[in-house]
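Let me begin by presenting the structure, written as structure tokens, before commenting on it.
The values are calculated or read from the model by the stated rules, or taken from the named source; none is laboratory data. Given the structure is predicted, the values throughout are model-derived calculations rather than measurements. All Cβ positions, glycine included, derive from the backbone under ideal geometry; neighbour counts span all protein chains shown.
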């Protein structure tokens, strides 16, 4: 009888320990942007329309790494992006083809390097890195924004597009008035 009580106690402790571990894993995941591929975003938008934010980067881009380390790790940025957007990471130099619906985008080799057709399409044939591209809930271009952005200015931009203020007022008016009213603690 005593052995059975120890066994039950052991399994109960094991269950509680593993449950706690699982909760930590789930909580950690919520503290990061839920990045998906552009193909996944395209498929999801067909079922549940939502704006798309595309981070176009390269492996060698220093400012891309700074944006990953600082801007995309900001809690308010993470929270807002995960609620309002499908977030896509797109390596502008990836060699794998991308198919969206009936369109296929491929890597264009230029010597030992090259660029992906999807990156060029999203950036209006103006490659610079990083570039954040905003697409509407029909996968149509809203605007590409080249360059590094600090967390606060990036939050201003993602909320401007995310809540459709871009259809109501200029970005300068939004920053000066509306954003300050909505996000006074920032």
Exercise for review: Please indicate, with yes or no, whether at least one residue in region 159-178 is buried (at least 18 other Cβ atoms within 10 Å of the Cβ), at negative phi and either assigned to a loop (DSSP other than H, G, I, E, B) or touching a strand residue (DSSP E or B) at 6+ places or on another chain (Cβ under 7 Å) (or both).
Suggested key: yes
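Please go through region 84-105 and pick out each residue that is under 20 Å from residue 144 (Cα atoms) and either part of a strand (DSSP E or B) or touching a helix residue (DSSP H, G or I) at 6+ places or on another chain (Cβ under 7 Å) (or both).
84, 85, 86, 87, 88, 89, 90, 91, 92, 98, 100, 105
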Review point. Do we find a residue being buried (at least 17 other Cβ atoms within 10 Å of the Cβ), over 14 Å from the mean Cα position of the chain (by Cα) and assigned to a strand (DSSP E or B) anywhere in region 53-63?
Key: no
Check your understanding: Which numbered condition trips up residue 109, out of (1) at pLDDT below 95; (2) in a helix (DSSP H, G or I); (3) more than 22 Å from residue 50 (Cα to Cα)?
Key -> (2)
